[in-house]
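This report refers to the structure that appears directly beneath it.
The values are calculated or read from the model by the stated rules, or taken from the named source; none is laboratory data. None of these values were measured; they are calculated from a predicted model. Note that each Cβ is placed from the backbone with ideal geometry, even for glycine, and that neighbours are counted across all protein chains shown. Just the protein is used for accessible areas: all its heavy atoms, side chains included, with ligands, DNA and RNA removed. Shrake-Rupley method; radii C 1.70, N 1.55, O 1.52, S 1.80 Å.
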Amino acid sequence: MTGATDRTTRHKRAMQRKKAHVDERIAAATEDRGLLLVLTGNGKGKSSSAFGMLARSVGHGLRCAVVQFIKGTWECGEQLLFEGNPLVEFHVMGTGFTWETQDRQTDIAAAEAAWNKAEAILSDEATDLVILDELTYMLTYGYLDKPQVLQALRERPPRQHVVITGRNAGRELLEMADTVSEVKDVRHAFNHGVMAQKGLDY
Ligand code: ATP
Ligand code: MG
């Protein structure tokens, strides 16, 4: 047997083993229900991942809703793309929290107004996917009542998916979530003097 055929044979065997293993795991995943996903960590990729799932869901004709808990400084591409789409209900916190505001009372009022929208969506069975973008900050800063937020998440329709993004997700949220990803910051161009790029950052 030549080296090349030997390698081909070994590769084939390894792939057969891998396929058997993957098939077994697929067969074991029989539950079908609404999931809570938390995307946290200091690296770039949390909101863009959430909007990737929004794109997937819209592609499948699912009904979606987005509540953004930080007032955008720029108009985000995802908002421009999905706003006006009949499958997507889009709410951006109109006033209040950006990195620039320092008025706690204004921030709290804005957070509560956005949360009221979120709470209504979380009790609507017709909404398949809910994105609560940057929600974690509202809890870290104590702008929203944590038990109330957790309760609304817990009592949502059983088939509704929720994606929460933001740094420093708290312990309760992490424990409640079905899927948690922590995006690690290895390097970000912004910290090396590159301005935010249209299409990549907003
Ligand atoms: P994205 O929306 O690009 O997926 P994100 O949701 O993971 O980013 P946020 O903390 O919400 O991250 O920050 C939003 C903005 O800040 C984006 O423009 C993003 O590129 C930038 N950003 C994210 N992480 C970092 C970082 N570690 N250093 C510098 N800028 C960052
Ligand atoms: Mg984000």
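Below is a table of values for the structure above.
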| quantity | calculated |
| --- | --- |
| Answer residue from segment 71-95, given it is of a type in the set (Gly, Ala, Ser) and open to solvent by 50 Å² or more (accessible area, probe 1.4 Å) and is modelled with the lowest pLDDT among those | 94 |
| The listed residue being basic (Lys, Arg) and loosely packed, with under 10 Cβ neighbours inside 10 Å, out of 25, 56, 7 | 25 |
| Verdict on residue 122 being assigned by TED's automatic domain parsing to the domain that holds residue 78, crowded, with 21+ Cβ neighbours inside 10 Å and under 14 Å from the mean Cα position of the chain (by Cα) | no |
| Within segment 175-202, tally of residues that are among the hydroxyl-bearing types (Ser, Thr, Tyr) and without any contact (Cβ under 8 Å) to a residue 60 or more places away in the chain | 0 |
| Scan of segment 148-202 for residues that are in the same structural domain as residue 82 (by TED's automatic domain parsing) and at positive phi, ordered by number | 166, 168 |
| Enumeration of residues in segment 22-50 that are near ligand 1 (Cβ under 8 Å from one of its atoms) and of a type outside the set (A, V, I, L, M) | 41, 42, 43, 44, 45, 46, 47, 48, 49 |
| Checking residue 117 against (1) more than 21 Å from residue 78 (Cβ to Cβ); (2) away from ligand 2 (no atom under 16 Å from the Cβ), the condition it does not meet | (1) |
| Pairs where the first residue, in segment 24-43, is assigned by TED's automatic domain parsing to the domain that holds residue 153 and assigned to a strand (DSSP E or B) and the second is among the aliphatic types (A, V, I, L, M) and more than 16 Å from ligand 2 (Cβ to nearest atom), C-beta under 9 Å, 6+ apart | 36/153; 36/176; 36/177; 37/177; 38/174; 38/176; 38/177; 40/174 |
| Condition check for residue 106: away from ligand 1 (no atom under 14 Å from the Cβ), assigned to a loop (DSSP other than H, G, I, E, B) and among the β-branched types (Val, Ile, Thr) | no |
| Count - residues of segment 51-80 that are more than 10 Å from ligand 1 (Cβ to nearest atom), among the aromatic types (Phe, Trp, Tyr) and assigned to a helix (DSSP H, G or I) | 0 |
